[in-house]
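Below: the structure, in structure tokens.
Just so it is clear, none of the values below were taken in a lab; they were calculated from the coordinates. None of the values given here were measured: they were computed from a predicted structure. Positions of Cβ are generated from backbone atoms using ideal geometry, with glycine treated the same way; all protein chains shown enter the neighbour counts.
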Amino acid sequence: MNVAIYLPLLLALPLTLTAGWLAARGTPGLIARGLTGSAFVAAVSSTWSLVLLALTLLDDLPPLSALDDHPTLELPEPVPGPVALIAALLLAWGAVRLVRDIHLRTSTHRRLRAAGTPQDGLVVADWSAPLAVAVPGRPGHLLVTSGILRLLDTDERRVLFAHEHAHLAHRHHRLVALTGAAAALNPLLIPVRTTVAYLVERWADEDAAAVVGDRELTAKAVARAALATVGPGPKAALGMHGGAVVNRVRALIAPSPEPRRGRLLGPSLLVAGCLGATAVATAEFVALARAWL
Amino acid sequence: MGNTPAGRRARGSLESEVMGLLWGRSEPLTAADVQSAIGGDLAYNTVQTILIRLHEKNLVNRRKAGRGHVYWPVEDAATTAAKRMRAALADPVDRHAVLQQFAASLDEDDAATLRRLLQP
């Protein structure tokens, strides 16, 4: 038990460091799925490493020490007690963060669903703040304020509806929830969560542009909605910083991106590394635990 | 990428578009107004049918004007929805958990960049 058990804890770092680079290239859908999948694997394997490290504390428990047939043999040898203790604390902290994240997400979605009964997939809220959200469910629906409907013209409203429908059609809330859970378990993955949140917006923008058949109109609608939030008054938006909107508009003004699967080579290698290290660490742990018992 | 073939709209999306239009304008609209605003190949009769359906569902009000009717949105449900939506989003932390905002808030620099990008 040495390198293999610590490796998954660090493998989230290269993912975090390259997420932004990847997001700026290739089709948003492909990259969003790739990043979500690898973040999920990275989070699960780092959590499993923490579990194994924390389990090495067991041989220090008095009742188990009494049962110990081989007092000289300590359960997984090269793990120092303090390291195992820190692992246990990180594990508990991650569990608390995960529960909080899931609770927040489900309760917000439940409250948004309860805002009104959708008619033809739409709930209008008579509120001047320019807001629009896709509310996931079976089926999902759109919740938009009268503020944003008044702000946009007919064509731009079509962009808005197409954008939000894309979120529902591709079940973007799942990607966002998965990366949220991954970032809760392993805070090194927080930038990946931010990147995926940005990418699903890009993805919905590209979809909307395809539906209305006009990239420039899509860019205008996004920019206009964002500009309405400047200055005093209710802030529309959240979940990402304003710079992200600028990037979305830039991307829409540029030609549509080419799909390049090769971009996912890095994340794929990382997933393979995580799985390999986790398998080796688990095998080592099982071997030591057998010997100890 | 769109799963709606060009020229055809997903089920319910025409109704959404009409509701969006009625909310978007500050004055009541006739069926002809709606038809010309939404444009495209939409037949007058289709618009009429949608408006009647929306009226039957109690989503829009109407009153006689000239030979036809003018339509405007019913506000009760929307006022309730606004109250609940506001409450659901009251805590800024909660908002992070909300999926998909159409647009994020901007600072002045970003706003200036956007205005520049939109200049032809």
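May I ask you to derive the relative contact order of chain A, considering only C-alpha pairs under 8 Å and at least 6 residues apart, and to give it as an integer percent? Don't skip to the answer; put the middle values down first.
Working: 398 pairs, mean separation 90.6, N = 293.
It comes to 31 percent, rounded to a whole number.
What is the angle, in °, between the Cα long axis of helix A:265-292 and the longest principal axis of the Cα atoms in chain A? Nearest 10 is fine, range 0 to 90.
Relative to chain A, helix A:265-292 is tipped by roughly 30 degrees.
Once fully extended, how much extra length lies between A:Ala291 and A:Ser128, figured as 0.36 nm per residue of separation less the alpha-carbon to alpha-carbon distance? Spell out each step's value before the answer.
Working: separation 163, 0.36 × 163 = 58.68 nm, distance 6.80 nm.
Extending this stretch completely gives an extra 51.9 nm.
How far apart, in nanometres, would the label points at A:Ala272 and B:Glu27 be if each is projected 7 angstrom from Cα along the Cα-to-Cβ direction?
6.8 nm
Could you give me the ³J(HN,Hα) list for region B:18-35, computed from phi with Karplus coefficients 6.51, -1.76, 1.60 and θ = phi - 60°, whole Hz, x at Gly and Pro?
Values per residue, Gly and Pro as x: 5, 4, x, 5, 4, 6, x, 9, 8, 10, x, 10, 8, 4, 5, 4, 4, 4 Hz.
Could you work out the mean count of beta carbons from other protein chains within 10 Å of each residue's beta carbon in A:143-152? Write out the running numbers ahead of the final one.
Working: counts 5, 7, 6, 9, 2, 5, 8, 5, 2, 3.
Mean partner-chain Cβ count within 10 Å for A:143-152: 5.
Which FRET efficiency value, to the nearest 0.05, do you get for A:Leu265 and A:Leu10 by plugging their Cβ-Cβ distance into 1/(1 + (r/R0)^6) with R0 = 30 Å? Walk me through the numbers on the way to the answer.
Details: r = 20 Å, r/R0 = 0.65.
With a Förster radius of 30 Å, E is 0.95.
Residues with amide H under 5 Å of A:Thr27's amide H, sequence separation 5 or more or different chain, H placed in the peptide plane at 1.01 Å from N; which?
When sequence neighbours closer than 5 places are left aside, the close amide H contacts are A:Arg260.
Taking amide hydrogens as modeled 1.01 Å from N in the peptide plane, which residues meet the under 5 Å criterion relative to A:Ala125, leaving out close sequence neighbours?
For A:Ala125, whose amide H was placed from the backbone, the distant partners under 5 Å are A:Val144, A:Thr145, A:Ser146.
Would you mind checking which residues have amide H under 5 Å from B:Thr30's amide H? H placed 1.01 Å from N; only 5 or more apart, or other chain.
Here B:Tyr71 satisfy the definition.
Please work out the FRET efficiency for the pair A:Leu85 and A:Leu17, using the Cβ-Cβ distance as r and a Förster radius of 30 Å; give the result to the nearest 0.05. Display every interim value, and only then the final one.
Details: r = 29 Å, r/R0 = 0.96.
With a Förster radius of 30 Å, E is 0.55.
Report the percentage of all Cα-Cα pairs in region A:3-292 whose separation exceeds 26 Å, rounded to a whole percent. All intermediate terms of the calculation are to be shown ahead of the outcome.
On the way: 22145 of 41905 pairs.
The answer is 53 percent, as a whole percent.
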